[in-house]
Amino acid sequence: MGKTIAEKIFKAHLKDKPFKDVNVLNLDRVFCHEITTPMAIQDLMARGKDRVFDPDKIKAVIDHVSPAKDSKTAMQGKILREWARRHKIKDFFDIGHNGVCHALFPEKGFVRPGFVIIMGDSHTCTHGAFGAFAAGVGTTDLEVGILKGVCAFKTPQTYKIEIIGKLASGVYAKDIILKVIKEISVNGATNMVIEFMGSIVDEMSMDQRMTMSNMAVEAGATSGIILPDMTTVEYLWPFINKEYKTRKDALAAFSTFKADDDAIYAKQKTIDVTDLEPLTTFGYKPDNVKPVSRMKGTKINQVYIGSCTNGRLEDLKIAAEILDGHTISPHVRGIVSPATPKIFSQALEQGIIKIFMDSGFCVTNPTCGACLGMSNGVLADGEVAASTTNRNFIGRMGKGGMVHLMSPATAAASAIAGEISNSGLFCEQEKS
Amino acid sequence: MMKKFNGKTLFIDRSDINTDEIIPAKYLTEIEKTALKPHLFEDLKLDGFNPEMDIKEKAVIVSRENFGCGSSREHAPWALEVNGIYVVIAQSFARIFRQNMFNGGMLAIELSCDQIDSIFDGFKNSSTQISVDIKACRIMIQSKEQTKIIEFQISEFDKALINTGGWVEYADVYY
Ligand code: SF4
């Protein structure tokens, strides 16, 4: 019987199968941030088990609220910092070197095809863009991951989603993933792994693939996996050129996890994106999705460009292209947060930051900040945001606030217009 | 180490008790489980329910359908744990809440609608004691007037987690 990518990764990492349908897997990476890890650390200490299974496989960052905004977030940072020092976790990223976890860790070369990765964060599925099985977990699972390097999962079922067609200009990976979530709903892939494939995915850059995998969880998926190819190898090459003689060798090694032709999928879907328009959300669930053209005229108070979904260099570049030579509406507060220090400095070098500033945007340091409504741009009751993030749950960016999710291009165009609006890059006749 | 699964009962006569009602979201920035202790059920609005008075000395909860729905936060079972409540008996549970209970070495027991009805009808207004026998998969419900025994089912993995005291202890023993 053929196997899916997830089934192959499970098989290669299986440590124990203590009971039917319970797979205890060996972990290649445990990622940690300052919101969910301190509780795990404190609990391990209380149990007299303040140990780590392997300090080199644990990577930690302070990213959600940085710089700390109050005594409580300062304490969360302090606990993580002291723990990292105590256990000689050398890949620990504190202020000055920190960025949004799911942008920073891939950029540092910590992710490989075929890896099993956990983190106490629901968007851990992002790392599936590299062909890894990466899943968000609760605090107890995180604790066990830190202590023993294992995690228990149910036998995975896979949802195969093929993206085909020809993409119009001004339409991006973010629009595609919103379309996927709209089609299959917020529960469509619950307890399943999504395998994204098809000609459109093959043509995507790693930045775009990460946008896709990032939002797999918004359709309920445990992970959103994309088969590694030369694009993946090229991205990873600086980190793996000592392990493999040629890029081809690397790809051959990574391809061992490719799904078999006769693999069994729990569900399958093909989506043709040829007629796809830029999309945005309109309610409090990520599957409440409409074409931007039909949301035109919706007034906004704030535009946020950043996060693990769309805070990478390509995203900032596209937004800057649209903002260049314009100033944003006087009724809009524009906030951009490059997701990592490297992205920030590249954006500086390429003049992108200047464009943002000239147009009237506030540029913040790399942090999750406004995305989860904890700092750096919290909405007031009744305010509306156009945002490149991934969650529009009620209160997500501030109590009583409304969040419309969209691509960086749409967000930039909306900032100029002062209302939700398509960018000039999307040329098709707007449908009435 | 295995926890003790017996004691006085708190009856919550409603379905869909969500994690926000168990512990409000604003306490997610806490870094110690014990800090959650005074806030258990703080926002639960239920006729005649007074969190401060009614939680005291209770060790078991009996409720209705879909207990623990809402967010996946483990703070919900922790808030129960630090208050000495290690058993929830309900008609059904939200999936993640249920797993979080067993991961913490605690018990989430599912009974049929009729069985839950019979517990509410026969025991709700008295000082009821419930004790759980994990080995035999049996619960004993006792009031001054009567005693009732009900059998339940949990998986072998759930049992193993309970016997070792939760997923952290289990993993530390076996891996
Ligand atoms: S940017 Fe937003 S979604 Fe991503 S990890 Fe941070 S808080 Fe979570």
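Assorted remarks:
- Lone unmet requirement of (1) within 11 Å of chain B (Cβ to nearest Cβ); (2) in contact with a helix residue (DSSP H, G or I) (Cβ under 6 Å, 6 or more places away or on another chain) for residue A:118: (1)
- Single unsatisfied condition, residue A:78 versus (1) in contact with a helix residue (DSSP H, G or I) (Cβ under 8 Å, 6 or more places away or on another chain); (2) within 10 Å of chain B (Cβ to nearest Cβ): (1)
- Where helices (runs of 4 or more DSSP H) sit wholly within region B:68-175, those with at least 1 residues that are within 10 Å of chain A (Cβ to nearest Cβ) and over 15 Å from the mean Cα position of the chain (by Cα) occupy B:156-164, B:167-174.
- Taken over region A:295-320, the criterion of being charged (D, E, K, R), in contact (Cβ under 8 Å) with a residue 60 or more places away in the chain and either assigned to a loop (DSSP other than H, G, I, E, B) or more than 16 Å from the ligand (Cβ to nearest atom) (or both) is satisfied by A:296, A:299, A:312, A:314.
- Of residues in region B:11-39 being among the polar types (S, T, N, Q) and within 30 Å of residue A:70 (Cβ to Cβ), the one surrounded by the fewest Cβ atoms within 10 Å (Cβ to Cβ): B:34
- Which listed residue is in a helix (DSSP H, G or I) and of a type in the set (A, V, I, L, M, F, W, C), from A:355, A:328, A:335, A:394: A:355
- Meets criteria (open to solvent by 30 Å² or more (accessible area, probe 1.4 Å), touching a residue at least 24 places away in the same chain (Cβ under 8 Å) and among the charged types (D, E, K, R)) for residue B:42: no
- Residues of region A:326-362 classified as in contact with a Cys (Cβ under 9 Å, 6 or more places away or on another chain) and among the β-branched types (Val, Ile, Thr), total: 2
- If the condition is being within 12 Å of chain B (Cβ to nearest Cβ) and over 15 Å from residue A:148 (Cβ atoms), then region A:49-69 contributes A:64, A:65, A:68, A:69.
- Filtered by the rule that a residue be outside any loop (DSSP other than H, G, I, E, B), within 23 Å of the chain's Cα centre (by Cα) and of a type outside the set (Phe, Trp, Tyr), region A:1-24 gives A:5, A:6, A:7, A:9.
- Within region A:348-382, if we keep just the residues that are in contact (Cβ under 8 Å) with a residue 40 or more places away in the chain and in contact with a Leu (Cβ under 7 Å, 6 or more places away or on another chain), the residue that is nearest to the ligand (Cβ to nearest atom) turns out to be A:356.
The values are calculated or read from the model by the stated rules, or taken from the named source; none is laboratory data. Everything quoted here is computed from the prediction, not taken from an experiment. Don't worry about glycine lacking a Cβ; one is built from the backbone with ideal geometry, like all the others, and counts go over all protein chains shown. Heavy atoms of the whole protein, side chains included, go into the accessibility calculation; ligands, DNA and RNA do not. Shrake-Rupley method; radii C 1.70, N 1.55, O 1.52, S 1.80 Å.
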